[in-house]
């Protein structure tokens, strides 16, 4: 607990991150009567979208649910996602005059003796009565360890480092992962390279509709973990892959053939569970991300299960802290709802510190599941 520094500027709420969840929160803060500032580590608007690989086009994006108060007009399907979505975010910030400071990197958040939060950054310090954290996952790519990984003489990279298929022409490439990004990248690379697709579990392709009933079941899986204080799985990780004509054609060509995960890595390739040696030049890990929450470590929010116990967007251990775009709200429509719910809850809390919770109930399993899965079609 830090002593109070009277020379540090005060505000009611600090929002960390200006992706979909952070911008939704900032929008709802505008009419809340709460003073606030948004701190974003990125050099420009767009959140993680500005870092997506250049060959990802809007035609292959699962869909973007518009921010509150400003619909997202679908751009040309051929436009790069890394251009179209950041341009929309920039227009949103300008239209509503959002106070976004960038690039500002938050190093840590701690408590002060007067009950306020101290937010330390590379561009100064803020004191706040509450915090909305919307830092997402893009800066925390997850690379699982496999025996022998350090001996591999080829190239290993994560989805976050992927810049397009051209550099893999003529190479032997293993794509690891069962999510949508893995499949998209696999199909791109396979046009000019020899590919092998491996996953830990057999992928499940869904031909039926991504309807509200299915949506409720998927969100419930994520919600159950965060309420139990376990590290959340992403919404995408528990969602079946949508079966499309493009994937059917890829399977006919022999590209979309899933192999079991290899047992170990050797200098010139991988070894399958049956002992078969497979020579490869590149291992591409499409193995997802983890929540970027290291800056919250001084608050000691994590429980014995390794995660943070949540009730909607509110951290149970500290009702001043809301995590948006985290767990069940880690989708574009979920992030919108999370921003609204977090602001509603904080208005009640800051008006009467004895009040906490209740406003985020709209984020429950039954809410908006059909809309959430519109983006997965």
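Every read-out reported here was derived from the displayed coordinates using simple, explicitly stated rules and does not represent laboratory data. Because the structure is a prediction, the values reported are computed rather than measured. Counting neighbours? That spans all protein chains shown, and the Cβs are built from the backbone with ideal geometry, glycine included.
Protection proxy ranking, highest mean first, for peptides 28-41, 121-134, 144-157: 121-134, 28-41, 144-157, where packing is the per-residue count of other beta-carbon atoms within 10 Å, averaged. With contacts taken as Cα pairs under 8 Å at a separation of at least 6 residues, the stretch 108-217 carries a relative contact order of 15 percent.
In terms of packing, defined here as the mean over residues of other Cβ atoms within 10 angstrom, the peptides 92-99, 193-200 line up highest first as 193-200, 92-99. If the Kirkwood radius is taken over C-alpha pairs of the stretch 253-309, then at 4 °C and 1.567 mPa s the Stokes-Einstein diffusion coefficient equals 85 µm²/s.
If a paramagnetic tag sat 7 Å from the Cα of residue 166 along the Cα-Cβ line, which residues of the stretch 51-86 would have the backbone N under 18 Å from that point? Those under the cut-off are 52-57, 79-83. One equal scatterer on each Cα of the stretch 123-184, no solvent, Debye formula: the resulting log10 I(q)/I(0) at q = 0.12, 0.21, 0.23, 0.26 Å⁻¹ is -0.51, -1.07, -1.24, -1.47.
Shape class of the stretch 39-152 from the alpha-carbon gyration tensor: oblate, with a/c at 1.5 or above and b/c at least as large as a/b. Placing a pseudo-label 7 Å from each Cα along the Cα-to-Cβ vector at residue 156 and residue 90 gives an inter-label distance of 3.7 nm.
For the peptides 286-294, 244-252, 337-345, 107-115, the ranking by mean Cβ contacts within 10 Å, running from highest to lowest, is 337-345, 286-294, 107-115, 244-252. The modelled label-to-label distance between residue 227 and residue 192, using points 7 Å beyond Cα along the C-beta direction, is 4.9 nm. Reducing the stretch 56-125 and the stretch 244-295 to their Cα centroids gives an inter-centroid distance of 32 Å. The calculated FRET efficiency for residue 32 paired with residue 268, based on their beta-carbon distance and R0 = 56 Å, is about 0.45.
Kindly identify the stretch 270-345 as rounded, prolate or oblate by the Cα gyration tensor criterion: order the square roots of the eigenvalues as a ≥ b ≥ c, call it rounded if a/c is under 1.5, otherwise compare a/b with b/c, prolate if a/b is larger, else oblate. In terms of gyration-tensor shape, prolate.
Relative to the globular-protein estimate of 2.2 N^0.38 Å, the Cα radius of gyration of the stretch 37-91 stands at 1.12.
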